[in-house]
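Student: Take this structure first; my questions come after.
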Amino acid sequence: MKIIVDTNILFSALLNSNSRIGRLLLDSRDKFEYYSCKYLQKEIRRHVDKIRRYSGLNDTDLAELINLFESRIFFIDEELLPDAIIAEAKEYVADIDFDDFAFVAMAKYLDAWLWTGDKNLSIGLRQKGFNRVFSTADLLNILSME
């Protein structure tokens, strides 16, 4: 199953790699294929000081952890996606959180599920008919059923 990882998921994993989110990313590659857009990598780099401060990790350990998690995710440049898919994704998120359009576009393009911890995004997308959204609890439920 293809899963799109959004920013808050990877941030959560970096803040606590032993959390349920961290363990899912690290230990479920045999069940899920994780994808994301290049925007996520830019966001991590942009907020690395904040992540370091909240995680309590030193530069070396944080760099290693980022590399570890990024090695579990296939990154695709969202600028390579078809314009029609980008436009549709922007419509979905216009009044929710515009910054999330690349994740929605990636989910549509890859026929994947969007994994997010953002409840406003999940609810807003579902209200607009985009139902391919998972929470962490949803993914854990899928694993427990197998």
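Derivation of every value follows stated rules applied to the coordinates shown; laboratory data play no part. Remember, it's a predicted structure, so these values are computed and weren't measured experimentally. Note that we place each Cβ from the backbone using ideal geometry, even for glycine, and neighbour counts take in every protein chain shown.
Student: Yes or no: Asp77 farther than 26 Å from Ala137 by Cβ and out of contact with any helix residue (DSSP H, G or I) (no Cβ under 8 Å at 6 or more places or on another chain)? Show your work before the answer.
Tutor: Working: farther than 26 Å from Ala137 by Cβ: yes; out of contact with any helix residue (DSSP H, G or I) (no Cβ under 8 Å at 6 or more places or on another chain): no.
No: the conditions fail for Asp77.
Student: Report whether or not Asp95 is free of Cβ contacts under 8 Å to residues at least 24 places away in the same chain and more than 14 Å from the chain's Cα centre (by Cα).
Tutor: No: the conditions fail for Asp95.
Student: A follow-up question, please. Can you find a residue that is in contact with a Phe, Trp or Tyr (Cβ under 6 Å, 6 or more places away or on another chain), surrounded by 12 or more Cβ atoms within 10 Å (Cβ to Cβ), within 27 Å of Arg23 (Cβ to Cβ) and of a type outside the set (D, E, K, R) anywhere in region 92-102? Don't jump to the end; show me each part of the working.
Tutor: Kept after step one, since they are in contact with a Phe, Trp or Tyr (Cβ under 6 Å, 6 or more places away or on another chain), are these residues of region 92-102: 92-93, 102.
Next cut, surrounded by 12 or more Cβ atoms within 10 Å (Cβ to Cβ) only: 92-93, 102.
Retained after the next criterion (residues that are within 27 Å of Arg23 (Cβ to Cβ)): 102.
So of that shortlist, the ones also of a type outside the set (D, E, K, R) come out as 102.
Yes - at least one qualifying residue is present in region 92-102.
One line per residue, one yes/no per condition, for (1) part of a loop (DSSP other than H, G, I, E, B); (2) of a type outside the set (Lys, Arg); (3) crowded, with 16+ Cβ neighbours inside 10 Å:
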{"position": "Glu79", "(1), (2), (3)": "no, yes, no"}
{"position": "Ile86", "(1), (2), (3)": "no, yes, yes"}
{"position": "Lys90", "(1), (2), (3)": "no, no, no"}
{"position": "Ala107", "(1), (2), (3)": "no, yes, yes"}
{"position": "Leu121", "(1), (2), (3)": "no, yes, yes"}
{"position": "Gly129", "(1), (2), (3)": "yes, yes, no"}
{"position": "Leu139", "(1), (2), (3)": "no, yes, yes"}
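Student: Being in contact with a helix residue (DSSP H, G or I) (Cβ under 9 Å, 6 or more places away or on another chain), part of a loop (DSSP other than H, G, I, E, B), under 16 Å from Thr7 (Cα atoms) and of a type in the set (Asp, Glu), is that true of even one residue in region 60-74?
Tutor: no
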